[in-house]
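To start, the structure itself, in structure tokens.
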Amino acid sequence: MDENTQQQDLDQNQPSADNESFYVPHRSATLEGIVNTVEWLLIAFILALVFRAFGVEAFQIPTGSMADTLKGSHYHLRCLRCGYAYNAGGDDTLFARPECPSCGYAQPMNAVGKIQNGDRIFVLKSIYQFYAPKRWDVVVFKNPTNPQINYIKRLTGLPGETVQIIDGNLFIDNHIQRKPAQVQNELWMPIYDNDYQSFGKIGQFAANDVSNIPWRQPFENTPDSRWNLNADGSATFSLEDYRSSPHVLVYNSDVGNDFHSVYAYNGFSRQSQPVCDDLMMRFWVKNQGDGIIAVGFEKDGIQYVGSVRFGDSMVLSRRESGETHDLAKIPIQLTPDNDRTRYFEFANVDYRLVLRFGTQRLSIDLPVRKSEKQMPPKVEIQGSGKIRISHIGLFRDTYYTSAANLRATADNPFTLNAGEFFVCGDNSPNSSDARLWSVAGKDQMGRDVYREGVVPMDYMMGKAFMVYWSDAFSPMPNMLPIIPNIDQLKVIYGGSEAVY
């Protein structure tokens, strides 16, 4: 290498002002990684604050006013007599033994396990800045009587409407308000589930304790009927007899749970609660050949029947004073030798009859009779032919208590002004809500500025849309519950155009 070539190589390795290739001191890789991590954490923190303020925020349910839709602190129980799983409020077990909602058995106190925290939910905070709130939404809002506390209830009345609660039903501007399908399905409460029956000897208590009475099947044959109540075990009923008049099973409410609107979550006396006659029965049915399967509900002295005539039609009818009249009818596509098991459901709810069989649906609206009657309903299963039914369940609707309301009763309608909303808890007998607030709403300074019984638009915080954590499991004794219970995670349904 000559001298000129060596000098060129040296020049190429020096900083050049022409190509702006300046020497930059090198930082350590460790320090640079820490700086980048801090920057990302700071950005994530800022985004989280923005997202929480304007997007989605997590809340924990403190009380049971929305149970069983949403649970506050609670005990998860399994009936010692029939095995049915249910929840009881964290405070209620201090006053009364929790009763099974399916068989009525009162659990002994030593069967109550560890208390569970309330459900954790996600709330869309800014949705009502773009869309008007809908009836039946589950909303989070500042409690008007104490704005420092957040409440969660179901939205039942909108600005400008007149609200009444009559016989457990919601009326707006003198018209019955029927719940959307997904909301209604969430609000059904068990009266009896035939899949859960006494499976052995249970602990004994005081001699006069009603829970000591041996379990009996509450469905009973009428004198001339021949249903077999132990077809494939006691959870399946069968019939093998064709005749023109149906064989009838009657639900005996003196043996099973009655129709009072009690909530297993609470410790209230059954007899102190009103009777609910909005009912639904479902089961799976398998037929061979022709025949009929039907369910009848008697309400206010009128029997409403949902029938499936195999290979022919689905029929809704009413029977009064010994006479039967068909109300609605559609054909079904079943051959006489069809041997499939299909879902059957019949409901009389919110003055509407709904019959489902397989994938078909038939419904009709009934005339509204506003009353506060306390006549217990009657329930029947009717059949003819070769039939098997299983997974039999009887349910009642959520009953919005009206007798003790301060406002929105039959005699005391409540009209909302602009920017005012009316809310009710799903756990109606144990909910402090718009029906019962007895003081004026306050501003952040504690001054009375809002009417009693309303939630102002200014206090609406958002719409609850998902339970993301509930009834978590502990991996080992004395450890925190950190394993999520996937079965309890769910969407929280609200206002929708899809009718039940």
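Only the coordinates and a few stated rules stand behind these numbers; no lab work does. Note that this is a predicted model, so its numbers are computed, not measured. Every residue, glycine as well, gets a Cβ built from its backbone with ideal geometry; the counts of neighbours run over all protein chains shown.
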FRET efficiency, A472 to A132 (Cβ-Cβ, R0 51 Å, nearest 0.05): 0.90
Of the trypsin sites (Lys or Arg not before Pro) in region 420-500, those whose Cβ has at most 14 other Cβ within 10 Å and which sit in DSSP loop: R447
Loop trypsin sites (Lys or Arg not before Pro), region 292-355, which have at most 16 other Cβ atoms in a 10 Å radius of their Cβ (DSSP): R340
Extension reserve of the V56-Q148 stretch, reckoned as 0.36 nm per residue once the Cα distance is removed: 31.1 nm
Estimated inter-spin distance, S269 and R447, nm [label 7 Å along Cα→Cβ]: 4.7
Packing-based order for 224-233, 242-251, using average beta carbon neighbours within 10 Å, highest first: 242-251, 224-233
Fully extended contour minus Cα-Cα distance, from T341 to T162, at 0.36 nm per residue: 59.9 nm
Potential extension, N221-Y351 segment - 0.36 nm per residue separation minus Cα distance: 43.9 nm
Assigned charges on the beta-carbon of Lys, Arg, Asp, Glu; region 266-361 dipole about Cα centre (debye): 320
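Provide the FRET efficiency to the nearest 0.05 for the S244-A498 pair, computing r from the beta carbons and using R0 = 30 Å.
0.20
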FRET efficiency, 1/(1 + (r/R0)^6) with R0 22 Å, evaluated for I330 and Q288 via beta carbons: 0.45
Chymotrypsin sites (Phe, Trp or Tyr not before Pro) within region 103-203: DSSP coil, no more than 14 neighbouring Cβ in 10 Å: F130, Y131, F199
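Just list whichever of K114/K490; K142/K179; K299/K386; K114/K134; K179/K329 have alpha carbons separated by over 27 Å in the model shown.
K299/K386; K114/K134
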